[in-house]
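To keep things clear, I will list the structure first and then write my remarks on it.
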Amino acid sequence: MFNFTGKVAVVTGGGGVLCSIFSRALASYGAKVAVLDLNFEAAQRVAEDIRTNGGEALAVQCDVLSRESVLKAAERVQEVFGEWDILINGAGGNHPRGTLSREFFEPGDLEQKETFFDLDLEGFRFVFDLNLLGTIIPTQVFGREMARRGKGVIITIASMAAFRALTRVPAYAAAKAAVANFTQWLAVYLGKSGVRVNAIAPGFFLTQQNYRLLVAEDGSFTPRAQKILAHTPMGRLGEPQELIGTLLWLCDDEASGFVTGAIIPVDGGFLAYAGV
Ligand SMILES: NC(=O)c1ccc[n+]([C@@H]2O[C@H](COP(=O)([O-])OP(=O)(O)OC[C@H]3O[C@@H](n4cnc5c(N)ncnc54)[C@H](O)[C@@H]3O)[C@@H](O)[C@H]2O)c1
């Protein structure tokens, strides 16, 4: 159904769990894929794997929080593949430094426990910046050329936390809400430019960045994971491959040419479920 032959896709965080799968999927439908990641080895593994399977891929080390680093990455992509058509802003995630150990404040916590009131601001800033500025900086750098050429697709990654303030992750929730809002803002701003901007809002998929929140040391699901399952009408976590259809649809101008400013949940019904 899909054919991205002749297109160049840039995927930030392309060495990670979800975005390595995104990179492979785009390559398998013909796109040349630039796999950008802070972790160069992870990016190399993904690019090599794509090439082994007959696709075209380039690994580039890139810190999405540094405009200089992103500009260098763009130069490298331009050198090897030429102009790009698709930008996937995948780098992001939560971090223990921006996470609280308890869901609810209780009297007495102030004396003995870590509370929101003492949350490490550097931790908060790290998570907030990684998700929001880590989307904005690559969008400025790669989006500029798209706007100049009058075509292109930009995809951001939101989260259930963008719609509902998930407990314990105040920085991540605030950042993803901001990413969703920015996606809509940019879609409007670029509405007449020929560049479409949309977000995928994944439900819960087991990956590195949420592993510690969802899986206990003995390998069983944590109480938090059990709550998520109970609140997911389909009764299970998502499989990363289940995001691919939405990704390809949003990247394909023929399939979604009139779709911009949308935030598409892929969540087994989590968002729709009121709990009763
Ligand atoms: N896993 C889930 O259930 C879930 C749910 C909703 C949204 N998301 C979002 O999906 C995206 C991908 O997450 P994932 O679960 O695959 O996580 P992951 O940790 O497997 O991948 C994230 C990748 O980003 C890279 N990265 C981190 N900091 C970077 C930086 N400064 N510059 C460049 N690259 C950097 C990491 O090296 C890693 O390869 C994130 O934005 C995450 O917030 C994930």
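Every read-out reported here was derived from the displayed coordinates using simple, explicitly stated rules and does not represent laboratory data. Here the structure is a predicted model, which means the values were calculated and not measured. Note that we place each Cβ from the backbone using ideal geometry, even for glycine, and neighbour counts take in every protein chain shown.
Once backbone amide H atoms are built at 1.01 Å from N, A31 has F4 as its partners under 5 Å, excluding neighbours fewer than 5 places away on the same chain. Per-residue ellipticity at 222 nm from helix content only, as computed over the chain with -39500 (n - 2.57) for each DSSP H run of at least four residues, stands at -13500 deg cm²/dmol. Against the chain, whose longest principal axis comes from its Cα atoms, helix 170-189 is set at around 30 degrees. The protection proxy used here, the mean number of other Cβ atoms lying within 10 Å of each residue, ranks peptides 207-213, 191-197, 87-93 as follows, highest first: 87-93, 191-197, 207-213. Between the helical axis of 40-52 and the longest alpha-carbon principal axis of the chain there is an angle of about 50 degrees. Taking amide H as placed 1.01 Å from N in the peptide plane, F205 has its amide H under 5 Å from the amide H of G238, each at least 5 places away in sequence or on another chain.
Distances between every pair of Cα atoms in the chain, grouped in 5 Å steps from 0 to the bin holding the largest one, split as 1, 6, 12, 17, 19, 17, 12, 8, 5, 2, 1, 0, 0 percent. Among the listed pairs K113/K176; K32/K151; K32/K176; K7/K192; K72/K151, those whose Cα-Cα separation exceeds 24 Å are K113/K176; K32/K176. Our coupling estimate for the range 205-212, obtained by passing each phi through the Karplus curve with A = 6.51, B = -1.76, C = 1.60 and θ = phi - 60°, is 10, 6, 9, 4, 6, 10, 4, 5 Hz, Gly and Pro reported as x.
Derived scalar couplings between HN and Hα for the range 149-165 equal 7, x, 6, x, 10, 10, 10, 10, 10, 8, 5, 4, 5, 6, 9, 10, 6 Hz in order, rounded to whole Hz, by the Karplus curve 6.51 cos²θ - 1.76 cosθ + 1.60 (θ = phi - 60°), x for Gly and Pro. The phi-based Karplus calculation (6.51 cos²θ - 1.76 cosθ + 1.60; θ = phi - 60°) puts the 3J(HN,Hα) values of the range 137-145 at 5, x, 5, 5, 6, 7, x, 3, 5 Hz, whole numbers, x for Gly and Pro.
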